[in-house]
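Down below is the structure, laid out as structure tokens.
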Amino acid sequence: MGLSDKTAEISGQKIWDAFIREFEPSEDLTRPSEHILGACRSAGFPESLIYLMEKYGFGNYGNGIVKLIDPEDYLNSLYTWLGRQDFSKIPFMMTGFGDIFYLRNLGDGEYDISLLDIHYRSITVPAWTVEEFIAYITDPETEKNVLRKDLFALAEEKCGPLKPDEIFFFVPALIVGGAEDIKYIGKGNAAVHHRVLFQVGQG
């Protein structure tokens, strides 16, 4: 490892320290291929985000309350919800309840990190840099209100731990009368539920 590579690794580790402390990586993470890493770089991903993918890998963090995802696995989910393909917008992380964080390439090296809330059908922009995103996602208010930390713990007790491709969801969906209560919680494949929930909203 060259000096510049070692410096980049130390810098990347420092940036993600708070995230890794708060959301312990699972032992069965999957390392991304060079194809995926190259595609993410081409899409405008900052090197600090590439570092997390390369150093740790895709899968569950904090038992799945957040998931670092292979973008190719969830491009169809994101573009279905957005209404069209837009390769300036690439998913990279998902909550344990299926909401999708995606990087939006604004051009000229600028980007933001947006959040698609599939349950309330809204999009927000919580961060304009990786550092802002880490501060946001490790904030106790975010853990309570966005990651649904308390409900996540109850869901684990009821349904068991999440596999990397699974999420907890609401049955019935919030849009058709469900509620954020443990009695409405189910568990299943994330991509499948993304499709089902989108179709429910079209009825």
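Quick one: what pairs do we get from the stretch 128-152, first residue closer than 19 Å to residue 117 by Cβ and among the aromatic types (Phe, Trp, Tyr), second open to solvent by 20 Å² or more (accessible area, probe 1.4 Å) and in a loop (DSSP other than H, G, I, E, B), C-beta under 9 Å, 6+ apart or different chains?
Here the result reads 136/146, each pair linking the stretch 128-152 to a residue that is open to solvent by 20 Å² or more (accessible area, probe 1.4 Å) and in a loop (DSSP other than H, G, I, E, B).
Return the pairs, sorted by first residue and then second, in which the second residue is part of a helix (DSSP H, G or I) and among the aliphatic types (A, V, I, L, M), the first residue lies in the stretch 177-197 and is touching a residue at least 12 places away in the same chain (Cβ under 8 Å), the beta carbons are less than 6 Å apart, and the residues are 6+ apart or on different chains.
Here the result reads 182/154; 185/155, each pair linking the stretch 177-197 to a residue that is part of a helix (DSSP H, G or I) and among the aliphatic types (A, V, I, L, M).
Select from the stretch 20-44 the residues that are open to solvent by less than 10 Å² (accessible area, probe 1.4 Å) and within 21 Å of residue 115 (Cα to Cα) and write down the one among them that is nearest to the chain's Cα centre (by Cα).
Restricting to residues being open to solvent by less than 10 Å² (accessible area, probe 1.4 Å) and within 21 Å of residue 115 (Cα to Cα), the top hit is 23.
Could you run through the stretch 25-51 and say how many residues are over 19 Å from residue 109 (Cα atoms) and of a type in the set (A, V, I, L, M)?
Step one: of the stretch 25-51, the residues over 19 Å from residue 109 (Cα atoms) are 25-36.
Restricting the remaining residues to those that are of a type in the set (A, V, I, L, M) gives 29, 36.
The total comes to 2.
The values are calculated or read from the model by the stated rules, or taken from the named source; none is laboratory data. Model, not experiment: these values are computed from the prediction. Cβ: placed from backbone, ideal geometry, glycine included. Neighbour counts: every protein chain shown. Remember, those area values only see protein heavy atoms, side chains included, never the ligands or the DNA or RNA. Shrake-Rupley method; radii C 1.70, N 1.55, O 1.52, S 1.80 Å.
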